[in-house]
Amino acid sequence: MGSVQRAMRLLESVAEHEHGAPAKQLARETGLALPTAYHLLRTLVYEGYLRRDKGLFFLGEAAERLGSSGAEQKRRSTVVEALAHWRDLIGVPVYYAQYRNGEIEVLCVSDSPGNPAVEEWADFRETGHAHAIGQCLLAQLDDEARRDHLDRYPVQSITPYTVRDGHSLLRRLERTARMEPVIERQEYALGTVCAAIPITLGNAAATMAISLPAHQADRLPAATQQLQEEIGRLMGSLAISISI
């Protein structure tokens, strides 16, 4: 345990020197005997956590990967916390999804026992034509990408309310304004209504969505507007975080 603590102190000391530092300086700053510092520094270099160049020590690739992983985890935590806040504030399940590498990916869902999320009874990736999340993401794609997706995942009716064919779906998507929420009523799951709000992420297609039981459908417009306002309020701080 003592060796680990001393190694961590050395890593922290090296991290404070953007232009590198020699072993003697690092030993002095960490209060370690020079032979001990040399031994630990050599081990850290061997393991890739440090690199040595002209007598100076710098953070290595392994340490940088740790930092990158930590930053990514922090971004994910920001999204999770935002969705949980909106879930409690609005009283609905909240979803975050992106269109990545030709697929619909639901990346985060925040619900509660009193407001459960929609059960994924049919693969979300294959039924994008039927749910608000998929329709919102498809509406943000260009025509070629949209048709490519529907070639791979053809329109099929999964409830009596699902759009009947690809031509009808394409016409609906073309009529959808770029930043307009997408509303879907029982097209994916009977007894459920949903709304999805498009999110601007450069060229990427993303969305935040909510769902409600059909008997609470009258709440959907106000809840959707409230989520839009909340997203707008936090969009600056979320812009990087939601790129997960």
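The values are calculated or read from the model by the stated rules, or taken from the named source; none is laboratory data. What you see is a predicted model; the values in this text were computed from it and never measured. All Cβ positions, glycine included, derive from the backbone under ideal geometry; neighbour counts span all protein chains shown. We work out accessible area using only protein heavy atoms, side chains counted, and drop any ligands, DNA or RNA first. Shrake-Rupley method; radii C 1.70, N 1.55, O 1.52, S 1.80 Å.
Of note:
- Residue satisfying all of: in the stretch 193-227; of a type in the set (G, A, S) and either buried (at least 22 other Cβ atoms within 10 Å of the Cβ) or modelled with pLDDT under 95 (or both); nearest to the chain's Cα centre (by Cα) among these: A206
- When the stretch 180-225 is filtered for residues that are part of a strand (DSSP E or B) and among the acidic types (D, E), only E184 remains.
- Those residues of the stretch 65-84 which are out of contact with any Leu (no Cβ under 9 Å at 6 or more places or on another chain) and either open to solvent by less than 50 Å² (accessible area, probe 1.4 Å) or modelled with pLDDT of 75 or more (or both), in sequence order: G70, A71, S77, V80, E81, L83, A84
- Total residues in the stretch 1-32, condition open to solvent by less than 60 Å² (accessible area, probe 1.4 Å) and in a loop (DSSP other than H, G, I, E, B): 4
- Applying the condition of being under 16 Å from R9 (Cβ atoms) and of a type in the set (A, V, I, L, M, F, W, C) to the stretch 46-64 and asking which residue is modelled with the lowest pLDDT yields A63.
- Which listed residue, of D143, D148, is modelled with pLDDT of 95 or more and over 22 Å from the mean Cα position of the chain (by Cα): D148
- Residues located in the stretch 97-149, provided they are part of a helix (DSSP H, G or I) and either open to solvent by 50 Å² or more (accessible area, probe 1.4 Å) or touching a Leu at 6+ places or on another chain (Cβ under 8 Å) (or both): Q135, L138, A139, Q140, D143, E144, R146, R147, D148, H149
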